[in-house]
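Accompanying notes for the structure given below.
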Amino acid sequence: MNRCSLVVSTILLLPPAIEAQQDFSKVEIQAIHVAGPVHMLLGSGGNIGVSAGADGILIVDDQFAPLAEKIRAALKKLGEGKLKFVLNTHWHGDHTGGNQEFGREAPIIAHTNVRKRLATRQTIFGKEIEPSPREALPVITFDDSLSVHFNGEEIRALHVAASHTDGDSVIFFTGSNVVHMGDNFFNGTFPFVDLDSGGDVLGMARAVEDVLSKLPADARVIPGHGPLAGAAELRSYLRMLRETTEIVRKRIALGWDLERIKAEGLPGEWAGWGGGFIKTDQWLEIVHRSLSRSSRKP
Ligand SMILES: [Zn+2]
């Protein structure tokens with residue numbers, strides 16, 4: 001076993017927050033109007049983006065299957081139209097768990113690797129995730145980008161390679177000036193980067209930078225996790241990604257091992273970012289493993 005695999009084993013202690021093991025009876029779905037026909041639903045798991053209007057309903061991600069009834073009730077309040085499309089930003093269960101319910105009502109659209117990973121056994125936090133049932137799989141897949149013309153605007157899904165996973169898309173509501181970032185944006189907290197699903201910390205920073213370069217200053221930004229944001233919050237998140245990654249890179253160059261890097265921690269400026277589901281120690285492990293891995297690439 002090489003040293004990197006030892007590092008992996010410590011990451012396995014993360015809480016299984018992306019799995020449907022919690023009690024959903026107390027979860028309430030809260031709807032927030034974002035702009036034009038676009039809304040955001042907060043519940044448990046990844047934030048849901050919604051387009052509700054004359055053409056019906058389109059959702060981006062669908063949290064967990066046990067929440068489907070509550071999500072349907074929340075959608076009904078936003079528009080009487082039928083559910084027409086489901087987009088998945090990536091394969092994780094806290095974003096696609098509802099597929100087995102909503103996939104019976106509307107076609108699911110996602111990047112090719114989302115279907116690949118949902119259709120086969122995956123490992124996350126050291127736990128095996130069984131393949132999803134057929135009705136939960138995307139039926140329309142794409143490699144680079146795909147547009148749905150819906151409720152008066154182009155809703156464009158753009159694949160961002162090797163970032164949170166290898167199958168992520170960001171979704172632009174081009175007329176409403178809104179972007180759903182999926183899990184390439186945790187607003188105000190360190191993100192999870194799924195290195196075992198082809199994710200990469202530097203790739204995530206590149207993806208965020210690319211989105212920012214396309215984003216008008218007054219755009220609204222729906223994060224995968226955390227409250228609704230704007231370009232300013234996305235920029236400060238990018239600065240966190242870049243600066244904390246640079247700190248770890250420099251320490252690796254000095255010959256420090258992970259234990260020493262963790263013992264030294266991060267400057268106080270970044271302390272608040274460890275208050276989410278990824279703590280500071282876990283973030284340092286993820287960055288360390290991601291950088292150690294990319295430096296071995298030819
Ligand atoms: Zn995720």
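The values are calculated or read from the model by the stated rules, or taken from the named source; none is laboratory data. Here the structure is a predicted model, which is why all the values come from computation and not from measurement. Reconstructed Cβ throughout: ideal geometry from the backbone, glycine too, with neighbour counts over all protein chains shown. The protein model used for the area step is the full one, side chains on, heavy atoms only, and it has no ligands, DNA or RNA in it. Shrake-Rupley method; radii C 1.70, N 1.55, O 1.52, S 1.80 Å.
Here are some notes:
- Of all residues in segment 120-156, those that are closer than 18 Å to residue 173 by Cβ, of a type in the set (D, E, K, R) and open to solvent by 50 Å² or more (accessible area, probe 1.4 Å) total 2.
- Single match in 182, 268 (criterion: away from the ligand (no atom under 13 Å from the Cβ) and not aliphatic (A, V, I, L, M)): 268
- Yes/no for residue 225 being within 15 Å of the ligand (Cβ to nearest atom) and within 25 Å of residue 115 (Cβ to Cβ): yes
- Test: residue in segment 110-117 that is in contact with a Leu (Cβ under 6 Å, 6 or more places away or on another chain), at pLDDT 95 or above and more than 20 Å from residue 148 (Cα to Cα): no
- Filtered residues of segment 58-106 (kept if part of a helix (DSSP H, G or I), within 16 Å of the ligand (Cβ to nearest atom) and either of a type in the set (Ser, Thr, Tyr) or closer than 16 Å to residue 31 by Cβ (or both)): 96
- Residues of segment 166-219 that are assigned to a loop (DSSP other than H, G, I, E, B), without any contact (Cβ under 8 Å) to a residue 60 or more places away in the chain and open to solvent by 10 Å² or more (accessible area, probe 1.4 Å): 166, 174, 187, 215, 216, 217, 218.
- If only residues of segment 89-119 that are touching a helix residue (DSSP H, G or I) at 6+ places or on another chain (Cβ under 6 Å) and in contact (Cβ under 8 Å) with a residue 60 or more places away in the chain are counted, the one that is surrounded by the most Cβ atoms within 10 Å (Cβ to Cβ) is 89.
- The test for being within 16 Å of the ligand (Cβ to nearest atom) and open to solvent by 60 Å² or more (accessible area, probe 1.4 Å) holds for residue 161.
- For segment 25-54, a tally of residues being among the hydroxyl-bearing types (Ser, Thr, Tyr) and either touching an Asp or Glu at 6+ places or on another chain (Cβ under 7 Å) or crowded, with 19+ Cβ neighbours inside 10 Å (or both) returns 2.
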